[in-house]
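J.: Please read through the structure below; I'll follow up with questions.
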Amino acid sequence: MSKTERKVVKRDDVEPVCWFGEEGRFLLRKEDTGGLYSFYQITTQPGSGPPLHVHESADEAFFVNKGTYEFEIGGVTETITEGTVIYGPRGVPHRFLNVGDEAGQLLVIATPGGVENFFIGLSELVSGGGMPDWQKMQQLANDNEMRGFMPQPGARGDVAGPPAGPHGRPDVPARAQG
């Protein structure tokens with residue numbers, strides 16, 4: 001692990017990264033913390049949020065800075081409001097959805113660091129408008145040790161995608177073990 005130096009970051013000096021109705025600002029990246037964690041802000045519009053997914057090797061803690069969110073972690077769904085933190089351990093399926101009427105804001109710590117690589121790649125895949133190439137999406141998820149599940153059809157925040165495979169998730173090749 002490399003030695004890290006003091007760093008001061010102003011949110012507005014960080015270029016936002018956008019994907020599927022969300023905007024992220026990666027305030028501390030993996031390289032800033034010697035790989036220990038990433039610290040970022042996510043802004044979501046009403047009805048927006050990721051489908052159920054799993055980070056195979058990263059834990060996440062979400063602090064609701066603004067708004068009201070519905071979180072599902074490990075099969076338990078609950079509404080989380082401003083000033084509340086919720087923890088999602090690695091290997092546990094989770095999702096969130098902005099259920100408020102205005103843009104919401106989460107502050108997130110992911111450990112170890114590096115989750116920003118997925119979101120930066122995702123932003124690039126969706127930058128052309130329309131739906132991205134799902135094979136490239138699956139490869140990006142695999143490269144970042146993530147598995148995705150498709151949301152229920154018609155659910156708020158639903159993102160159209162490839163047909164779901166067994167168990168309600170898209171057929172994603174297993175990540176290479178190494």
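J.: For segment 1-135, what does the accessible surface come to per residue with a 1.4 Å probe? Please give it in Å².
T.: On the way: 6770 Å² over 135 residues.
With all protein chains present, segment 1-135 gives 50 Å² per residue.
J.: What FRET efficiency, computed as 1/(1 + (r/R0)^6) with R0 = 25 Å and r the Cβ-Cβ distance, is obtained for Tyr87 and Asn65, rounded to the nearest 0.05?
T.: Details: r = 16 Å, r/R0 = 0.64.
Here the calculated transfer efficiency is 0.95.
J.: Let me ask something else. Send over the semi-axes of segment 47-144's equivalent ellipsoid, whole angstrom and largest first, taken as the square roots of 5 times the C-alpha gyration tensor eigenvalues. Don't skip to the end; give the middle numbers.
T.: Numbers: eigenvalues 106, 57, 30 Å².
In descending order, the three semi-axes are 23, 17, 12 Å.
J.: Determine the shape class of segment 1-105: with a ≥ b ≥ c the square roots of the Cα gyration tensor eigenvalues, call it rounded for a/c under 1.5, and otherwise prolate if a/b is greater than b/c, oblate otherwise.
T.: Details: a/c = 2.09, a/b = 1.35, b/c = 1.55.
Judged from the Cα gyration tensor, segment 1-105 comes out oblate (a/c at least 1.5, b/c at or above a/b).
J.: Right, here's the next one. Once neighbouring chains are kept in place and the probe is 1.4 Å, which whole percent of the accessible area of segment 42-129 is contributed by carbon and sulfur? Could you put the intermediate results ahead of the total?
T.: Values: 1880 of 3600 Å².
Here it works out to 52 percent.
J.: For Lys10, which lysines qualify as cross-link partners when the Cα separation must be under 26 Å and same-chain residues fewer than eight apart are set aside?
T.: List returned: Lys30, Lys66.
J.: While we're on this one: How much length would be gained if the chain were fully extended between Glu124 and Cys18, taking 0.36 nm per residue of separation minus their Cα-Cα distance, in nm to one decimal? Spell out each step's value before the answer.
T.: Numbers: separation 106, 0.36 × 106 = 38.16 nm, distance 0.88 nm.
Computed gain between Glu124 and Cys18 is 37.3 nm.
J.: Mind checking the full-extension length gain between Lys7 and Asp143? Use 0.36 nm per residue of separation minus the Cα-Cα distance, one decimal, nm. Write out the running numbers ahead of the final one.
T.: Values: separation 136, 0.36 × 136 = 48.96 nm, distance 2.82 nm.
Answer, rounded to one decimal: 46.1 nm.
J.: How much net charge surrounds Glu78 when only other residues with a Cβ under 10 Å from its Cβ are counted (Lys, Arg +1; Asp, Glu -1)? The partial results should precede the final answer.
T.: Values: positive: none; negative: Glu70, Glu72.
With Lys, Arg at +1 and Asp, Glu at -1, the neighbours total -2.
J.: Please report Rg over Rh for segment 1-45, where both radii come from the alpha carbon positions and Rh follows the Kirkwood definition. Write down the numbers at each step before the final one.
T.: On the way: Rg = 11.9 Å, Rh = 11.5 Å.
Computed over Cα atoms, the ratio is 1.04.
The values are calculated or read from the model by the stated rules, or taken from the named source; none is laboratory data. Model, not experiment: these values are computed from the prediction. Please note: Cβ atoms are built from the backbone with ideal geometry, for glycine as well, and neighbour counts cover all protein chains shown. Calculation scope for accessible area: heavy atoms of the full protein, side chains included, ligands and nucleic acids excluded. Shrake-Rupley method; radii C 1.70, N 1.55, O 1.52, S 1.80 Å.
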